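Trainee: Quick one: structure below, then a few questions.
The values are calculated or read from the model by the stated rules, or taken from the named source; none is laboratory data. Everything numeric in this text was worked out from a predicted model, so none of it was measured. When we count neighbours, we look across all protein chains shown, and the Cβ atoms used for this are built from the backbone with ideal geometry, even at glycine. The protein model used for the area step is the full one, side chains on, heavy atoms only, and it has no ligands, DNA or RNA in it. Shrake-Rupley method; radii C 1.70, N 1.55, O 1.52, S 1.80 Å.
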Amino acid sequence: MDIILLKELDKVGGKHEIVKVKDGYGRNFLIPQGLAIVANAGNRKMLNELVKQEDKKESKRLDEYKEMAAKLDGVTLKIGAKAGTSGKIFGSVTNVQIANALKEQAGIEIERKKIVLEEEVKSIGTYSAKLNLHKDVQTSVAFEIIEE
């Protein structure tokens with residue numbers, strides 16, 4: 001079954017993509033949940049209009065994303081974590097904690113899905129996270145894990 005995704009889904013596809021899924025998954029889960037619509041001729045035309053409108057909105061926000069990236073250049077966030085005597089932290093630092101630190105320390109609100117950690121953060125030290133703000137604007141932010 002061919003469907004048009006209305007939201008980005010992990011391991012399925014991105015927003016406004018036409019993907020092929022099993023009939024039951026599409027009919028019983030994706031469509032009733034409002035995550036997708038059937039990819040027929042009428043909906044494909046509607047998809048083109050949706051993509052055009054969204055591109056216009058995103059192009060307006062492009063300057064805003066570039067400004068955010070410039071503001072984050074050279075910023076090092078400090079994230080507190082409980083750690084043992086060897087410097088290994090209990091649990092790990094996730095993109096949610098980085099999003100919260102960005103909001104508190106830099107005053108920038110970014111969706112957690114746009115933050116990508118290149119490595120697992122399980123000990124005290126300095127790391128880097130990649131921020132995918134827009135398809136044309138990617139930046140990275142340094143963060144330091146300190147013991148609470």
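Trainee: Determine whether ALA129 is open to solvent by less than 30 Å² (accessible area, probe 1.4 Å) and in a strand (DSSP E or B).
Mentor: So ALA129 fits the description; yes.
Trainee: Separate question: Identify the residue in the stretch 111-121 that is touching a residue at least 12 places away in the same chain (Cβ under 8 Å) and open to solvent by 90 Å² or more (accessible area, probe 1.4 Å) and, among all such residues, is farthest from GLU54 (Cα to Cα).
Mentor: Narrowing the stretch 111-121 to residues touching a residue at least 12 places away in the same chain (Cβ under 8 Å): 111-118, 120-121.
If we keep only those that are open to solvent by 90 Å² or more (accessible area, probe 1.4 Å) as well, we get 111-113, 118, 120.
Numbers: GLU111: 18, ARG112: 20, LYS113: 18, GLU118: 29, GLU120: 33 Å.
Across the stretch 111-121, the extreme among qualifying residues is GLU120.
Trainee: Test of understanding: among VAL96, VAL75, VAL116, which residue is closer than 18 Å to GLY14 by Cβ and not acidic (Asp, Glu)?
Mentor: Going through VAL96, VAL75, VAL116 in turn, just one is closer than 18 Å to GLY14 by Cβ and not acidic (Asp, Glu): VAL116.
Trainee: Having 1 or more residues that are surrounded by 10 or more Cβ atoms within 10 Å (Cβ to Cβ) and touching a residue at least 60 places away in the same chain (Cβ under 8 Å) is the bar; report the strands (runs of 3 or more DSSP E) wholly within the stretch 31-110 that clear it.
Mentor: Those strands (runs of 3 or more DSSP E) span 76-81.
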